[in-house]
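The structure appears below as structure tokens.
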Amino acid sequence: MAFNPKKQAFNASINAVTLGAGEKSTVIGGENTLPFYTFDAPMANSPKIALEISDDGMASLQMPGMKAAFEGCASVVDMVKKAEELHGISAICLHFEGADPNGENKSVEECVALAKEVAEATALPIIIMGCKNIEKDAEIFNKCSEALQGKNIVVLSAREEDYKSVGASAGMAYNQKVGAESAVDINLAKQLNVLLCQLGVPAQSIVMNLGSSCVGYGYEYLSSTLDRVKAAALAQNDQQLQMPIVTPVSTETWNVKEAMVSEEEVPEWGSLEERGIEMEIATAAACLTGGSDLVIMKHPAAIETIAKFIDSLM
Amino acid sequence: MALTGIQIFKLSPKKNCKECGSPTCMAFCMKVAQGAVPMDKCPYWSEEAKATLSESTAPLMKTIEVGTGSNAHKLGGETVLFRHEKTLVNRNLYAATICSCMDEADIDAAIASMKKIDYERIGEREYVEFLFVNYAGNGADKYVAVVKKAAEADRAIILNCSDAEAAKAALEVCKAGKPILNGANKDNAAEMSAIATAAGVTLGVGGASIEEIYDTVKALEAAGNKNLVIDVTGADAKETLKNAVLVRRTNLKDQDRSMGYPSIVNLEKVAPGDLHMQTALAAMFTLRYGSIIVMGAPTYAEALALYGLRQNIYTDPQKPMKVEPGIYALNGADENSVCSLTVDFALTYFLVSGEYERSKAPVNLLITDASGMSVLTAWAAGKFSAGTIKKFFDEYDIENKVKSRTLIIPGKVAVMKGEIEAKLPGWNVVVGPMEAVQLVKFIKDYV
């Protein structure tokens, strides 16, 4: 009896969502198979990589390899322009770390002004990431959505606490894409999607941020959530879970022990930068294998590898 | 196809003798159907029943045992495709490559560098379990010399060799360690199988395509060799993923036992010399069905990432990861350093200890036994209460081991402050922050 494997393409598919506008806009999602299972059916769109750039610009690049890639850049705008030349980057994730009221507490106006400058400097799609302070983030998202109308940006994220205001402004009034952020749980993810849809945000304007974690640090929860969400979306045709998945990788991986402890403290571990790169690569590859349609990354070497990884599997 | 408990019961002796440990034959048969107990616990099966049952109750995927002593490993034995469906059983293992094409100094260096990766993480030893010894076709003598070195390296061995003569010679020097002979293909299967069987070792089967591999496995099984692993490595990453997924899916989902063997994924062949790409692919094959992942020259940095991932994925979703209770002296803490208390849930421990390490403040981190639950869950379940904390303090003799009398408790259980103070007189109980990330700022006031 010859080998005759069963194909497992599904009748349901993930929503195809366009990010950005113009020539460099990009589409994520659209697939009707598990990630990279091209032997079941072709993957409609390859997964994408977004580069995380902090509002602190060059000062936020802690590793020599990161600095080297952006050598000569003086501002965030310079860095964004430079990013266009790097291989594998399909979007810019502008991370407003400095807006945190417990930190630098940059004003919303300052943030919006920067977002505008960035939008003028690049044609790449823009993802706006907040500072984790609910009130401040909601304001940043609302104002950025207003200022960047027509650019089709993504705001990360609408959460249980602020989905109404973020959904109503970014998702409805200004026609941007809304990232629905839940805490690594399929039920919470679905609930938030349902709530956003009930509010009036079109399902096609939602992407999911299921939460994030670094390999070695509770990654099993994210892994199983990704597996379960994809199974529900594709095998059970659950329309409330068919939104493409966006996963911030760099914000997690560069804060764990392996990417922080100095070479003096643990000489046997070797190069600190190399450790961080490996953590970022392993986490991003695991997320993509599980079903992320876009990963947000930081180190140019890790991005280069993951871009190659995606190409080799498509 | 698997039989139901009722179908098995019809074939059972129906004596209700209880010798199997179950109260009735019915109860026993239900357990057999679930795979919870082996059918040979009952001594009274008729021959006919045995024949019918052994085929259908045998696990879909075989567990293959290789290596000996401290280098003995179990591969395969998986029952589900995704960990949330039940749990994954035998964690994937790693190999470092050496080759008969390398000179002696390079081989020694490769072995030494591989051996440096050896540490403990949450109660598990993390190291490179296998040496993958590649035969470059440059003569059996040369190969035997390299295999001898490998045999002295205190690791299990995979012989990657499709040359019968070299394989035979190599096995002579290492077969006591129960290596894997990886090198059967459609042309040499019978000969390699005879060599592997004679030496009592597991045979690895590969091929130019998944169809070819399937036919070769079928032929080997027909000839009586079921001690196999499947080398799913294809021409590139894409084909290798296809092979790995189709082998496992055909086995577990479509219930074809001929694909029920552990897999070998050779990343040094798919991405030669590309460390970063090997990490990315290894992460993927940890999730998608690699049983042994062969790396070129694994580094400590790769190991930290990949072993962390593996440890996460191969946890039983029904059993949380735990760390040992006790006093963890962080950042050079001594008996006068402030104490901070939390639960033994591994994730909690990692977050809390990570933040304290970042703060550089000397802290005695006290980990209590809370059955591996997180702070609030343990509190709600009564596993993290003033009573359990008092018990922990007595058991570990904290009062005498530590002179400091400041105890920081997690902000989420602020309600316990009064009760803890009542149980631990003399201690200044301080309510810490709600989230671990706030610890760096918080601890500044206590050092």
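A short reminder: the numbers here are calculations on the coordinates, not readings from a lab. What you are looking at is a predicted structure, and each value in this text was computed from that prediction instead of being measured. Cβ atoms come from the backbone with ideal geometry, glycine included; neighbour counts cover every protein chain shown.
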Normalised per residue, the volume of the convex hull around the Cα set of chain A (Å³): 139 Å³
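Averaged over peptide B:77-84, how many Cβ atoms belonging to another chain are found within 10 Å of each residue's Cβ?
If you average over the peptide's residues, the count of other-chain Cβ atoms is 3.
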Test item: B:213-219 mean partner chain Cβ contacts at 10 Å: 2
Lys, Arg +1 and Asp, Glu -1 on Cβ, resulting dipole of the range A:138-198 about Cα centre, debye, nearest 20: 240 debye
Total formal charge among the other residues, if their Cβ is under 10 angstrom from that of residue B:184, Lys/Arg +1 and Asp/Glu -1: -2
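Could you work out the mean count of beta carbons from other protein chains within 10 Å of each residue's beta carbon in B:357-368?
What the average comes to for B:357-368 is 1.
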Lys/Arg +1, Asp/Glu -1 at C-beta; chain B dipole; positive extreme among B:76, B:89, B:220: B:89
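Using Cβ counts within 10 Å as a stand-in for footprinting exposure, how do B:217, B:89, B:247 rank, fewest first?
The most exposed by this proxy come first: B:89, B:217, B:247.
Could you compute Rg(Cα) / (2.2 N^0.38 Å) for chain B, with N its residue count? Write down the numbers at each step before the final one.
Working: Rg = 26.7 Å, N = 447, 2.2 N^0.38 = 22.4 Å.
Computed over Cα atoms of chain B, the ratio equals 1.20.
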Calculated FRET value between residue B:403 and residue A:116, using beta carbons and R₀ = 51 Å, to 0.05: 0.30
Computed helical MRE - 222 nm, chain B, DSSP H runs ≥ 4 contributing -39500 (n - 2.57), nearest 500: -12000 deg cm²/dmol
Largest-first ellipsoid semi-axes for the range B:348-410, taking √(5λ) over the Cα gyration tensor eigenvalues, angstrom: 20, 18, 9
Order by protection proxy (mean Cβ within 10 Å, highest first), peptides A:26-35, B:304-313, B:104-113: B:304-313, A:26-35, B:104-113
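Kirkwood Rh, Cα Rg: Rg to Rh for the protein assembly as shown?
Details: Rg = 28.0 Å, Rh = 28.2 Å.
Rounded to two decimals, Rg over Rh is 0.99.
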For B:419, A:264, B:268, order by how many other beta-carbon atoms lie within 10 Å, fewest first: A:264, B:419, B:268
FRET efficiency estimate (nearest 0.05) - Cβ-Cβ, residue B:55 to residue B:188, R0 41 angstrom: 0.90
Ratio Rg/Rh [Cα only; Rh per Kirkwood] for the range B:326-446: 0.91
Cα-based Rg / Dmax (Å) for the range B:5-57: 9.5, 25
Vicinal HN-Hα couplings computed from phi for the range A:294-307 (Karplus, 6.51 cos²θ - 1.76 cosθ + 1.60; Hz; Gly/Pro x): 8, 10, 9, 10, 10, 7, x, 5, 5, 5, 4, 5, 5, 4
FRET efficiency estimate (nearest 0.05) - Cβ-Cβ, residue B:172 to residue A:2, R0 51 angstrom: 0.85
Centroid-to-centroid separation of the range A:265-288 and the range A:1-59 [C-alpha atoms, Å]: 25 Å
Between the range B:251-284 and the range A:68-144, the Cα center-to-center distance that results, in Å: 39 Å
Percentage relative contact order, chain B, counting C-alpha pairs under 8 Å, at least six apart: 11 percent
The range A:18-313, dipole about Cα centre (Lys/Arg Cβ +1, Asp/Glu Cβ -1), debye to the nearest 20: 980 debye
Cα-based Rg and Dmax for the range B:63-313, where Dmax is the largest Cα-Cα distance (Å): 16.7, 49
Spatial separation of Cα centroids for the range B:301-318 and the range B:30-61, in angstrom: 34 Å
